[in-house]
1. Could you please give the count of residues in region A:34-52 that are surrounded by fewer than 20 Cβ atoms within 10 Å (Cβ to Cβ) and either at pLDDT below 90 or in contact with a helix residue (DSSP H, G or I) (Cβ under 6 Å, 6 or more places away or on another chain) (or both)?
2. Just give me the residues in region A:35-54 being touching a residue at least 40 places away in the same chain (Cβ under 8 Å) and touching an Asp or Glu at 6+ places or on another chain (Cβ under 7 Å), in sequence order.
3. Cβ contacts < 7 Å: first residue more than 14 Å from chain A (Cβ to nearest Cβ), restricted to region B:172-195; second residue among the acidic types (Asp, Glu) and open to solvent by 10 Å² or more (accessible area, probe 1.4 Å), any location; separation 6+ or different chain. Result?
4. Scan region A:96-121 for residues that are over 16 Å from the mean Cα position of the chain (by Cα) and of a type in the set (S, T, N, Q) and jot them down.
5. Is it fair to say B:THR76 is in contact with a helix residue (DSSP H, G or I) (Cβ under 9 Å, 6 or more places away or on another chain), of a type in the set (Ser, Thr, Tyr) and farther than 27 Å from A:LYS114 by Cα?
6. Inspect region B:13-25 for any residue being in contact (Cβ under 8 Å) with a residue 24 or more places away in the chain, more than 12 Å from chain A (Cβ to nearest Cβ), open to solvent by less than 20 Å² (accessible area, probe 1.4 Å) and within 17 Å of B:LYS102 (Cα to Cα) and give the result as yes or no.
7. Can you pull out the residues in region B:140-157 that are over 25 Å from A:CYS124 (Cβ atoms) and not aromatic (Phe, Trp, Tyr)?
8. From the list B:ASP161, B:ASP170, which residue is at pLDDT 95 or above, open to solvent by 40 Å² or more (accessible area, probe 1.4 Å), more than 17 Å from the chain's Cα centre (by Cα) and under 22 Å from B:LEU81 (Cβ atoms)?
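The values are calculated or read from the model by the stated rules, or taken from the named source; none is laboratory data. Nothing here was measured: the structure is a model prediction, and the numbers come from that model. FYI the Cβ positions are ideal-geometry reconstructions off the backbone, even for glycines, and counts take in every protein chain you see. Calculation scope for accessible area: heavy atoms of the full protein, side chains included, ligands and nucleic acids excluded. Shrake-Rupley method; radii C 1.70, N 1.55, O 1.52, S 1.80 Å.
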Amino acid sequence: MLKNRIIPCLDVKNGRVVKGINFVELKDAGDPVEQAKVYSDGGADEICFLDITASNENRDTIIDIVRKTAKKCFVPLTVGGGVRTIQNITDLLLAGADKVSINTAAVKNVDFVKEASKKFGSQCIVVAIDAKKVSENKWEVFTHGGRNKTGIDAVEFAKQVEANGAGEILLTSMDKDGTKSGYDVDLLKTITKNTNIPVIASGGVGTLDHLYDGIVKGGASAVLAASIFHYGEFKIKDAKEYLKSKNVSVRL
Amino acid sequence: MNVTIVDYQSGNISSVINSFKEVAKGKVNLEVTSDIKKIKSSDKIVLPGQGSFKSCVDSLNSINGLVDTLKKFAITNKKPLLGICVGLQMFADVGYEEAETKGLGWISGKVSKIDNQNRKFKLPHIGWNEIEIQKESKIFKDIKNKSHMYFVHSYEFIPEDKSVISATTDYSSKIVCAVEKENLFGTQFHPEKSDKTGLKIIDNFLKL
């Protein structure tokens, strides 16, 4: 049976982990390579890096981090943030990323998803959708961390990226992100029902129960979380044991 | 020992290279190339594959003499070869991804899309799934039945002769996820992304 995945996400800025926690086992809490290794040793099903570096000059640092991480972690590695061109994808994959996550570039031009999946295969193309509720059962795609409204319906967009060859959707609720009040389960449910590719739930996790809701109520194939793992509240293993105790299949 | 990972410019093979390097560390001379001479002088070959069946076959065929060299290595000389993902799928006679495409024809069978049972199963089949070992295989030494492996694919290899199947996994149906036929080995899953158990499989192959 296919297991539900737990994916810790590390926000990386100018080569350093943002909001990293002092794990006892870490010499340098800000080093993304070390943190990724702790997660993979702890049973993470995949690792995700989100590069939030603002300036273009420092973009090469993420490539270097990916290269170092890929030599130490032998679970899938997804990298997102600033993936705008075919060359960006080539660079990340050559450095050792297994998948890239495309956000703004897909919203600006949905054919970019087609071009990328044709060139590299659907297996490595994740489309990150940031959605915000605009009315009852209606969500809109936003960009730039929820600041820019696009006027694009999230469900229609999800269907479109699936048709264009995306292998997975990383779905973040901008209403819930950072609130620790749980995923937007209605949004998840709507997107998972309207598409037939795996959906990764993101945005809002504060408790282990939220992970359960994302999978069982929302229909997500994988759950992504940042702060509950960074701040050491829970280890990956805690999350998996909890889910298992509630009859959710996980890799333990 | 010389081991060659065939780099035929198809898809992302960085993870395959990294994992083999990790396991080989000093014990094995590892080459990543499509150079026919180097392939001929190898003791073992790894044939990775990402993207579509058609794009992989096309890429193999675009390198002059490569398919014949691989055939001589694996079929005539019967030296160990491990196919990973589409690398395994290409052992088949035919594949149906994108367009009907002739495979290498080393193990009779076809590669078809996984039946999603009227959208009951999401495709691609992505993530960790348990393997059910069907027969003893040299690359499964010290690998427990029901071990988790990382998968990402939408197509499955259906061999005619079921005795080649060394493991299956449950997704929509019993999907063939590993084969062994004499010197030919193949995994549908990605040992290079399957953490310690995956590295063990690579180690087993290198120790053959």
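1. 3
2. Within region A:35-54, A:LEU50, A:ILE52 qualify.
3. Within 7 Å, the pairs are B:VAL176/B:GLU156.
4. A:ASN109, A:SER117
5. Here the answer is no, as B:THR76 does not meet what is asked.
6. The answer is no; no qualifying residue exists.
7. B:LYS141, B:ASP142, B:ILE143, B:LYS144, B:ASN145, B:LYS146
8. Matching residue, one of B:ASP161, B:ASP170: B:ASP161.
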